[in-house]
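Working notes, beginning with the structure itself.
All of the numbers you see were taken from the coordinates with simple rules; none came from a lab. Just so it is clear, the structure is predicted and the values come from calculations on it, not from any experiment. Every residue, glycine as well, gets a Cβ built from its backbone with ideal geometry; the counts of neighbours run over all protein chains shown.
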Amino acid sequence: MACFLVSAAEAVVVTAVEKHEEKKEKSEEIRVTVDAPVKVPMSRKLKWLTYMLWGGVILLAYEHVWHGEVVPWFPFLTAMSDPGDAAEMFHEMATIGVTMAVIITVCWFIMCKAADAIMARKSQLPAVGQEL
Amino acid sequence: MTLLITVFAAIIVTIKWYTRKDDTMQLGLLVFMFWGASLMWLGDAIFGYIEEQAEFFAPAPADMLNDAYLGLSVVALALVIWLVRLLITDPKGVVKSSIQKSVASDSKKKAKTA
């Protein structure tokens, strides 16, 4: 009914945090040493999550328009016009909506850990010109 | 069916992203969009399975057709979003050079007529 709204709320929060993190990283002095392993910046990781969340939200919102659950006029959600339907919608948001947001966040967390592991592995490779 | 079509789209785009020569096509956005939507529909499918059990895997043909149609529409929408972003950011400068060329030819024509 409106399960995508939970992910949309998460997407708004994560986008704000990502922008803040990006600003913070830009203002910090960048010190790169040859031996230091290349780390994936937090802002980059958060960008992955925002892309997944916004992408999912846009495509699911389209699905809801398709099924007539979202309309372009007030109150935009057809379930809001009836108290019984509204209660069902809130229950759906609390169950399916939260599960969707949790699945995406857990997958993103695993992805970040995998990216860190890959970067650590890559940095152990011999430098160019160095014998294997 | 919508979940299945989106997952296949995500897999195909991910393979294309992995085998790309450079990042000018900005496939990353498409990869994240399809995987994000797939994961969200997976959540929906989990609840659908809990509610309907085995019946979840045997939908009515009319529902399946509608879902397939929806799945294809979703893929089309994602592709349009990606394409619009690609044209606006114009990483290869194709749009810019094309506009410059047309402006230059227009000014040449105006100079000839004057």
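Observations, loosely collected:
- Ranking of B:Thr6, B:Thr24 by count of other Cβ atoms within 10 Å, fewest first: B:Thr24, B:Thr6
- Between B:Ala54 and B:Leu83, the simple label model (points 7 Å from Cα in the Cβ direction) yields a spacing of 4.4 nm.
- Residue exposure sequence - B:Leu4, B:Leu87 - by fewest surrounding Cβ within 10 Å: B:Leu87, B:Leu4
- Cβ charges +1 (Lys, Arg) and -1 (Asp, Glu), total dipole of the protein assembly as shown, debye: 2140 debye
- Rg to Rh quotient for region B:2-113, alpha carbon positions, Kirkwood Rh: 1.24
- Lys/Arg +1, Asp/Glu -1 at C-beta; chain B dipole; positive extreme among B:Ala62, B:Val75, B:Leu29: B:Leu29
- Taking label points 7 Å from Cα along the Cα-to-Cβ direction, A:Trp66 and B:Val94 give a separation of 2.8 nm.
- For A:Ser43, net neighbour charge (Lys/Arg +1, Asp/Glu -1) across residues whose Cβ lies under 13 Å away: +3
- Counting 0.36 nm for each residue step from A:Glu25 to A:His91 and taking away their Cα separation leaves a gain of 19.8 nm.
- Among the GluC sites (Glu not before Pro) in region A:1-30, those located in a DSSP loop and surrounded by at most 16 other Cβ atoms within 10 Å of their own Cβ are A:Glu28, A:Glu29.
- What the phi angles of region B:72-77 give under the Karplus curve with 6.51, -1.76 and 1.60, with θ = phi - 60°, is a coupling list of 5, 5, 5, 4, 4, 4 Hz, glycine and proline written as x.
- Dipole magnitude for region B:1-74: about 500 debye, using +1 per Lys or Arg Cβ and -1 per Asp or Glu Cβ, origin at the Cα centre.
- Cβ crowding within 10 Å, taken as a proxy for footprinting-reagent exposure, orders A:Thr105, B:Thr89 from fewest neighbours to most as B:Thr89, A:Thr105.
- Pairwise label distance in nanometres, A:Phe76 with A:Asp116, each label 7 Å out on the Cα-Cβ vector: 3.6 nm
- With bins 5 Å wide beginning at 0, the percent of Cα pairs of the protein assembly as shown falling in each bin runs 1, 5, 9, 13, 15, 14, 11, 9, 7, 5, 4, 3, 2, 1, 0, 0.
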